[in-house]
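**Q** Please see the structure below; I have some questions.
The values are calculated or read from the model by the stated rules, or taken from the named source; none is laboratory data. Given the structure is predicted, the values throughout are model-derived calculations rather than measurements. Cβ atoms come from the backbone with ideal geometry, glycine included; neighbour counts cover every protein chain shown.
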Amino acid sequence: MSEKKKPKRRCAGCGELKDKKELIRVVRTPEGIFTIDPTGKAAGRGAYICRDAGCLEKARKNHGLERSFGQKIDKDVYDRLAEELTNQ
């Protein structure tokens, strides 16, 4: 029997395709609130970032999350992501 395919997602910072489990998911809930989704299953529009501070900086500079969500992202979302990276 063949092995089950692993879902791939593109990082909003570096643009590389990686396994979904290797990335951090940022979600815009239906209410318009941005959260970090550790389960990867929360309802809402999602974007992914590598677990690397360099990719987070690239996403901040090239507005990767803004493009993914189609709207302006507050600085506190990036700050929460940076905190998540230091806590892992």
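**Q** Go through the stretch 72-83 and give me each residue that's without any contact (Cβ under 8 Å) to a residue 40 or more places away in the chain and not in a helix (DSSP H, G or I).
**A** Result: Lys72, Ile73.
**Q** Same structure, new question: I'm told Gly13 meets every condition in (1) in contact with a Leu (Cβ under 9 Å, 6 or more places away or on another chain); (2) outside any loop (DSSP other than H, G, I, E, B) except one. Can you identify the failing condition by its number?
**A** Only one criterion is unmet by Gly13, namely (2).
**Q** Also, I was wondering about something else. It is to be established whether one or more residues within the stretch 41-54 are charged (D, E, K, R), modelled with pLDDT under 95 and assigned to a helix (DSSP H, G or I).
**A** No, because not a single residue in the stretch 41-54 is charged (D, E, K, R), modelled with pLDDT under 95 and assigned to a helix (DSSP H, G or I).
**Q** When only residues in the stretch 1-14 that are touching a residue at least 12 places away in the same chain (Cβ under 8 Å) and over 11 Å from the mean Cα position of the chain (by Cα) count, which is surrounded by the most Cβ atoms within 10 Å (Cβ to Cβ)?
**A** Cys14
**Q** Now for a different question. Just need a number here: residues in the stretch 28-40 that are free of Cβ contacts under 8 Å to residues at least 12 places away in the same chain and part of a strand (DSSP E or B).
**A** Result for the stretch 28-40: 1.
**Q** Please go through the stretch 23-62 and pick out each residue that is touching an Asp or Glu at 6+ places or on another chain (Cβ under 8 Å) and closer than 17 Å to Asn87 by Cβ.
**A** The answer is Ile24, Arg25, Val26, Ile36, Cys50, Arg51.
**Q** Being of a type outside the set (Ser, Thr, Tyr) and in a helix (DSSP H, G or I) is the requirement here; does Ala59 meet it?
**A** For Ala59, the condition - of a type outside the set (Ser, Thr, Tyr) and in a helix (DSSP H, G or I) - is met.
**Q** What residue, among those in the stretch 29-88 that are exposed (fewer than 13 other Cβ atoms within 10 Å of the Cβ) and in contact with a Gly (Cβ under 8 Å, 6 or more places away or on another chain), is nearest to Gly13 (Cα to Cα)?
**A** Gly54
**Q** Moving to a separate point now. When Arg25 is evaluated against the numbered criteria (1) among the basic types (Lys, Arg); (2) assigned to a strand (DSSP E or B); (3) surrounded by fewer than 18 Cβ atoms within 10 Å (Cβ to Cβ), which criterion, by number, is the only one it fails?
**A** (3)
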